[in-house]
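> Below is the structure I would like to discuss, written out as structure tokens.
The values are calculated or read from the model by the stated rules, or taken from the named source; none is laboratory data. Everything numeric in this text was worked out from a predicted model, so none of it was measured. So basically every Cβ, Gly included, is an ideal-geometry build from the backbone, and we count neighbours across all protein chains shown.
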Protein chains: 2
Amino acid sequence: MRKRPHYVLDDQVGYLLRRVTQRHLALFSGAIPQVTTTQFAVIARLAEAGPLSQNHLGRAVAMDAATIKGVVDRLARQGLVTTAPDAGDKRRLTVSLTDQGQVLFAGTVQTALGVSEGTLAPLDGAERAVLMALLARLT
Amino acid sequence: MRKRPHYVLDDQVGYLLRRVTQRHLALFSGAIPQVTTTQFAVIARLAEAGPLSQNHLGRAVAMDAATIKGVVDRLARQGLVTTAPDAGDKRRLTVSLTDQGQVLFAGTVQTALGVSEGTLAPLDGAERAVLMALLARLT
DNA sequence: CGGTTTTTGTATGTGTACAAATCAGTTTGG
DNA sequence: CCAAACTGATTTGTACACATACAAAAACCG
């Protein structure tokens, strides 16, 4: 004799995630129009880890092979990264940050951190910490 | 004399949101392959609110005009919704759920709720409530 | 050693997602 | 009442995001 569960769209995690992400993307593209959040993630990873093969890079930023290829292509077109064939392994394509890419990163990190803060702005410090910890566990 | 803040990609909200969303999408498409989360949101909204003009529908599910058009087109192609010109306002296109769409919704709501649960599975009841409340405030 | 399996990169197709431009129709204000 | 402002829908262009399929190279293994 269970009641028919009525589905409330606005109470579904997926829907909330999509909307919060929308807001975050809007903040980011307003603050750093040169690159997308996805592209920035790749730049940040390269800045932190140094040159990586395209596939490794993809894994390091949670993008599949097809997606990372497109992102790298677009970053390369902007001159922010370069690709070079690997000497040892002929299948590999090593992706590196260019000087221009490093300059862009250095010049926008601060702003990017501000965007993260802006996204979390409605919450106080303790709440932010809780949210981040909970999100991290849903990964 | 502030320390240069080092940017930790894995600690950024945007990155976490993307990864949690990825996991959620994977769960959903595994459980309900017929439609995407986006399409399901539209169906759910129509089931709850009844026929709406395309633009209104878009707003009701947080999609812009171009996006909702694509989603409605694909749902129409599957026979899950129909569109009809509005009698009163000639600009409007009324979107309604078909019988088939209603059947699909009725037959998958339970599973969809299960997907929401699955996404939150790593958290206990109290934590889920906290997360949902915090996410709702970031909208 | 030689064959099977994996890995890497690439290509293609489908589906969001948004900006910007356009056009038709509706509403409003002078 | 009519021009101006607004709204609804569509189109185009760019950018993820993943599935699938493929070729070449590398790793593994019996």
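> Filter segment A:103-125 down to the residues that are free of Cβ contacts under 8 Å to residues at least 24 places away in the same chain, under 23 Å from B:Val130 (Cα atoms), of a type in the set (Gly, Ala, Ser) and outside any loop (DSSP other than H, G, I, E, B) and list them by number.
Scanning segment A:103-125 gives A:Ser116, A:Gly125.
> Are any of the residues in segment B:88-96 of a type in the set (Ser, Thr, Tyr), in contact with a Leu (Cβ under 6 Å, 6 or more places away or on another chain) and farther than 30 Å from A:Pro122 by Cα? Talk me through it step by step, then tell me what you get.
In the first step, residues of segment B:88-96 are kept if they are of a type in the set (Ser, Thr, Tyr); the result is B:94, B:96.
Restricting the remaining residues to those that are in contact with a Leu (Cβ under 6 Å, 6 or more places away or on another chain) gives none.
No, segment B:88-96 contains no residue that is of a type in the set (Ser, Thr, Tyr), in contact with a Leu (Cβ under 6 Å, 6 or more places away or on another chain) and farther than 30 Å from A:Pro122 by Cα.
Okay, residues lined up against (1) more than 8 Å from chain B (Cβ to nearest Cβ); (2) more than 21 Å from B:Asp11 (Cβ to Cβ):
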residue: A:Arg18; (1), (2): no, yes
residue: A:Arg23; (1), (2): no, no
residue: A:Ala31; (1), (2): yes, no
residue: A:Val42; (1), (2): yes, no
residue: A:Gly50; (1), (2): yes, no
residue: A:Ser53; (1), (2): yes, yes
residue: A:Arg59; (1), (2): yes, no
residue: A:Ala62; (1), (2): no, no
residue: A:Ala66; (1), (2): yes, yes
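> Also, I was wondering about something else. Return the only residue of A:Arg74, A:Arg19 being charged (D, E, K, R) and under 26 Å from B:Val115 (Cβ atoms).
Details: A:Arg74 fails: under 26 Å from B:Val115 (Cβ atoms).
Criteria check complete, one pass: A:Arg19.
> Residues B:Arg23, B:Arg18: which one is in a helix (DSSP H, G or I), in contact (Cβ under 8 Å) with a residue 60 or more places away in the chain, within 9 Å of DNA strand D (Cβ to nearest atom) and under 30 Å from A:Val42 (Cβ atoms)?
Numbers: B:Arg18 fails: in contact (Cβ under 8 Å) with a residue 60 or more places away in the chain.
So the residue among B:Arg23, B:Arg18 that is in a helix (DSSP H, G or I), in contact (Cβ under 8 Å) with a residue 60 or more places away in the chain, within 9 Å of DNA strand D (Cβ to nearest atom) and under 30 Å from A:Val42 (Cβ atoms) is B:Arg23.
> Further, regarding this structure: State which residue is modelled with the highest pLDDT when the search covers only segment A:2-15 and only residues that are part of a loop (DSSP other than H, G, I, E, B) and more than 7 Å from every other protein chain (Cβ to nearest Cβ). I'd like the intermediate steps shown before the answer.
Filtering segment A:2-15 for residues part of a loop (DSSP other than H, G, I, E, B) gives A:2-8, A:12.
Still in the running and more than 7 Å from every other protein chain (Cβ to nearest Cβ): A:2-4, A:6, A:8.
Numbers: A:Arg2: 57, A:Lys3: 59, A:Arg4: 60, A:His6: 86, A:Val8: 94.
For segment A:2-15, the residue satisfying everything is A:Val8.
> Next up: Regarding B:Asp99, is this residue at pLDDT 95 or above, more than 8 Å from chain A (Cβ to nearest Cβ) and more than 19 Å from the chain's Cα centre (by Cα)? Please lay out each step first, then the result.
Working: at pLDDT 95 or above: yes; more than 8 Å from chain A (Cβ to nearest Cβ): yes; more than 19 Å from the chain's Cα centre (by Cα): yes.
Spelling it out, B:Asp99 is indeed at pLDDT 95 or above, more than 8 Å from chain A (Cβ to nearest Cβ) and more than 19 Å from the chain's Cα centre (by Cα).
> OK, next. Out of the residues in segment B:54-100 meeting the condition of being touching a residue at least 40 places away in the same chain (Cβ under 8 Å) and either more than 19 Å from B:Gln34 (Cβ to Cβ) or touching a Cys at 6+ places or on another chain (Cβ under 7 Å) (or both), tell me which one is farthest from DNA strand D (Cβ to nearest atom). Give the derivation first.
Within segment B:54-100, the subset touching a residue at least 40 places away in the same chain (Cβ under 8 Å) is B:54, B:75, B:78, B:80, B:93-97.
Next, only the ones that are either more than 19 Å from B:Gln34 (Cβ to Cβ) or touching a Cys at 6+ places or on another chain (Cβ under 7 Å) (or both) stay: B:54, B:93-94.
On the way: B:Gln54: 4, B:Leu93: 4, B:Thr94: 7 Å.
Here the residue is B:Thr94.
> Just need a number here: residues in segment A:9-51 that are touching a strand residue (DSSP E or B) at 6+ places or on another chain (Cβ under 7 Å) and either surrounded by fewer than 16 Cβ atoms within 10 Å (Cβ to Cβ) or of a type in the set (A, V, I, L, M, F, W, C) (or both). I'd like the intermediate steps shown before the answer.
Initial filter on segment A:9-51 (touching a strand residue (DSSP E or B) at 6+ places or on another chain (Cβ under 7 Å)): A:43, A:46-47, A:51.
Next, from what is left, pick out any that are either surrounded by fewer than 16 Cβ atoms within 10 Å (Cβ to Cβ) or of a type in the set (A, V, I, L, M, F, W, C) (or both): A:43, A:46-47.
Selection size over segment A:9-51: 3.
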